[in-house]
Amino acid sequence: MTITVIGHGYVGLVSACVFADFGNNVYVIGHTSQKIEKLRNGDPLIYEPGLKELLEKNLLAKRILFTTEYEKAISSSDIVFIAVGTPSKANGDADLGTVFQVAEKLAPHLKKGFTVVSCKSTVPVGTNRKIEGIINQYKPKNAEVAIASCPEFLREGTAIYDTLNADRVVIGSDSHKAINFLLKLHKPMNGKRVITNLASAELIKYASNAVLATKISFANLISFYCEKAGADVENVLDAVGMDKRIGRIFMDPGVGYGGACFPKDVKAIINIGKNLGIDPLLFDAVEKINYEAKLNFAVKIMANTKTKKVAIWGLSFKPNTDDIREAPSLFIIGKLLDMGFKINVYDPVAESNVKKVFDETKIKYFTDPYKAVDEVSALIILTEWNEFKQIDLEEVKKRMKDLIIFDGRNIYDHEMMKSSGFSYYSIGRPPIKNI
Ligand code: UGA
């Protein structure tokens with residue numbers, strides 16, 4: 001098959017590389033020539049494990065082609081995916097400007113025969129109908145088009161694995177022909193197939209992210225209870241999760257969820273609800289708890305440090321990515337800077353992105369995590385990168401001024417920390433005060 005993917009972010013580029021790897025001819029359309037040039041040279045522009053290798057392999061096989069031009073790509077395609085961003089507007093709505101723009105741009109180039117236009121971007125209920133309207137308005141008379149919604153469930157950091165091994169492949173469309181085209185394209189992928197209508201496919205995506213964000217806020221809320229009650233949130237949630245109806249997975253308390261998806265999609269589902277005349281009170285609470293999780297941790301640091309010189313390990317919103325969109329680290333650094341803290345930071349891959357937010361006059365960047373803790377009063381862990389899990393406590397001890405660790409991801413064993421000589425503040429577990 002020949003397909004076009006419009007957009008080369010996490011969803012667009014990963015999907016394009018995977019479809020190319022299956023043997024399809026894939027065009028990827030972007031709108032910035034410098035980025036397209038880099039992609040042509042094998043630079044995926046983002047840090048995602050395995051993506052560079054997959055991109056280089058398919059460039060070499062000439063199965064993937066990057067362009068800024070719509071005409072040739074669209075007119076030769078059987079399926080066109082829209083995979084552009086839908087960031088939050090100031091009022092929390094998903095910004096659909098780019099989605100509608102690309103629909104208008106692609107429509108005139110649709111070929112005479114049949115083409116499926118499928119939206120992979122996360123879009124509110126009713127958006128695909130609007131895309132259909134735009135395409136019907138601008139397409140050539142003899143072009144036969146069917147619209148489909150094909151939401152994506154990949155996670156950053158494991159994007160290729162998730163795409164190949166999805167729990168489900170959701171295809172929403174009124175057209176049997178479109179559904180069959182998409183089933184054929186997705187054939188090599190694992191996962192159950194869910195065939196449904198457009199509105200259901202659109203809602204499945206938001207409902208999935210909303211329930212995942214709800215599990216995290218639930219875990220964080222229980223951690224607030226544990227801190228006040230002297231309980232241990234890990235013991236509590238382990239036992240709660242042993243009930244098969246509940247499960248323990250994706251219920252890790254921490255410094256709040258971040259990233260390009262949950263914060264934006266929870267805001268959007270709140271507004272979708274309001275627009276439908278529904279009071280989205282559960283999702284309002286999910287958002288509020290997430291804010292409290294970040295704030296509580298910043299307050300905990302301020303209340304328990306001896307001097308205002310600290311080190312932070314981990315800046316990306318989660319491990320195995322350099323993505324810092326809505327990362328809790330940005331919020332916490334901002335709060336600490338407001339209070340006059342001096343901050344050393346270390347992250348294995350996210351440094352250059354954070355520099356765009358806080359330049360070197362605001363915080364000090366280190367390429368060695370241990371050097372970052374020299375003479376500081378506290379070590380703060382905000383991302384659970386594997387390399388932090390087996391910390392050399394003796395080395396850290398030699399370098400730090402005051403022995404205090406704030407662990408925003410509960411990566412260290414509570415019992416082990418009791419005899420470590422450090423004061424240790426984590427999430428939802430009793431503080432250990434050794435100094
Ligand atoms: C999320 C979903 O997991 C994907 O299924 C979805 O496709 C994607 O959004 C999207 O809509 O595109 P992602 O944002 O890459 O994926 O990352 P997650 O692994 O879901 O983590 C999101 C945030 O939640 C991170 O900040 C993470 O630290 C936090 N989290 C996750 C917790 O605080 N506790 C947990 O138990 C799990």
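The values are calculated or read from the model by the stated rules, or taken from the named source; none is laboratory data. A quick note: this is a predicted structure, and the numbers were derived from the prediction, not measured. Cβ: placed from backbone, ideal geometry, glycine included. Neighbour counts: every protein chain shown. Quick note on the areas: whole protein, heavy atoms, side chains included, nothing else; ligands and nucleic acids left out. Shrake-Rupley method; radii C 1.70, N 1.55, O 1.52, S 1.80 Å.
If I fit a long axis through the Cα atoms of helix 127-138 and take the longest principal axis of the Cα atoms of the chain, what angle between them do I get, 0 to 90°, rounded to 10?
40 degrees
For the chain, report the accessible area per residue in Å² (1.4 Å probe, heavy atoms, rounded to an integer). Don't jump to the answer; show the numbers that get you there.
Numbers: 19430 Å² over 435 residues.
Per residue, the chain has 45 Å² of solvent-accessible surface.
With r defined as the distance between the Cβ atoms of residue 76 and residue 414 and R0 fixed at 51 Å, what FRET efficiency is calculated, to the nearest 0.05?
With a Förster radius of 51 Å, E is 0.30.
Run through segment 183-266 and list the chymotrypsin sites (Phe, Trp or Tyr not before Pro) located in a DSSP loop whose Cβ has at most 15 other Cβ atoms within 10 Å. Show your work: numbers first, answer last.
Numbers: sites: 206, 218, 224, 225, 250, 257; in loops: 250, 257.
Passing sites in segment 183-266 are 250.
If you average the alpha carbon positions of segment 134-162 and of segment 268-304, how far apart do those two centres end up, in angstrom?
31 Å
For helix 10-21, report the angle its Cα long axis makes with the longest principal axis of the Cα atoms of the chain; keep it between 0 and 90° and round to the nearest 10°.
The angle comes out at about 60 degrees.
Once a ≥ b ≥ c are taken as the square roots of the eigenvalues of the Cα gyration tensor of segment 244-370, is the result rounded (a/c under 1.5), prolate (a/b larger than b/c) or oblate (a/b not larger than b/c)?
On the way: a/c = 1.95, a/b = 1.85, b/c = 1.05.
In terms of gyration-tensor shape, prolate.
Which ³J(HN,Hα) values in Hz, rounded to whole numbers, follow from the phi angles of segment 375-391 under the Karplus curve 6.51 cos²θ - 1.76 cosθ + 1.60, where θ = phi - 60° and Gly and Pro get x?
These are the phi-based 3J(HN,Hα) values: 6, 8, 8, 7, 10, 10, 10, 10, 10, 8, 4, 4, 5, 8, 6, 10, 4 Hz.
So, with +1 on the Cβ of K and R and -1 on the Cβ of D and E, and no other charges, what is the size of the charge dipole of segment 175-266 about its Cα centre, to the nearest 20 debye? Before the final figure, lay out the partial values.
Numbers: 12 positive and 8 negative charges, 163 e Å.
Dipole of segment 175-266, to the nearest 20 debye: 780 debye.
How far, in nm, would the chain grow between residue 240 and residue 338 when pulled straight, counting 0.36 nm per residue and subtracting the alpha carbon separation? Show your work: numbers first, answer last.
Numbers: separation 98, 0.36 × 98 = 35.28 nm, distance 3.83 nm.
Working it through step by step, the gained length comes to 31.4 nm.
What do you get for the angle between helix 281-304 and the principal long axis of the chain? Use alpha-carbon atoms, 0 to 90 degrees, nearest ten.
So the inclination is approximately 30 degrees.
Taking only the alpha-carbon atoms of the chain, what semi-axes of the equivalent ellipsoid follow from 5 times the gyration tensor eigenvalues under a square root, in whole Å, largest first? The partial results should precede the final answer.
Numbers: eigenvalues 374, 115, 69 Å².
For the chain, the ellipsoid semi-axes come out as 43, 24, 19 Å.
Per residue of segment 342-352, what does 6.51 cos²θ - 1.76 cosθ + 1.60 with θ = phi - 60° give for ³J(HN,Hα)? Whole Hz please, x for Gly and Pro, Karplus curve as stated.
9, 10, 9, 10, 9, 8, x, 9, 8, 3, 5
State the percentage of accessible surface on segment 240-329 attributable to carbon and sulfur atoms; use a 1.4 Å probe and exclude ligands, DNA and RNA.
Numbers: 2510 of 4130 Å².
Answer for segment 240-329 is 61 percent, counting heavy atoms of protein chains only.
As an exercise, identify the GluC sites (Glu not before Pro) in segment 314-419 lying in DSSP coil whose Cβ has no more than 10 other Cβ atoms within 10 Å. Kindly include the intermediate steps, with their values, before the conclusion.
Numbers: sites: 326, 351, 360, 375, 384, 387, 394, 395, 415; in loops: 326, 360, 375, 384.
Answer by residue number: 360.
For the chain, what does the relative contact order come out to in percent, with C-alpha contacts under 8 Å and a separation of six or more?
On the way: 864 pairs, mean separation 50.9, N = 435.
Computed over the chain, the figure is 12 percent.
When only the heavy atoms of the protein chains count and the probe is 1.4 Å, how do 21, 162 rank by accessible area, highest first?
21, 162
Find the relative contact order for segment 168-298 and round it to a whole percent, using C-alpha pairs within less than 8 Å whose residues are 6+ positions apart.
So the answer I get is 24 percent.
Rounding to the nearest 20 debye, state how big the charge dipole of the chain is about its Cα centre with +1 on each Lys and Arg Cβ and -1 on each Asp and Glu Cβ.
640 debye
How would you classify segment 45-144 from its alpha-carbon gyration tensor, with a ≥ b ≥ c the square roots of the eigenvalues: rounded for a/c under 1.5, else prolate if a/b is greater than b/c, otherwise oblate? Working shown, then result.
Values: a/c = 2.51, a/b = 1.13, b/c = 2.23.
Note, shape of segment 45-144 comes out oblate.
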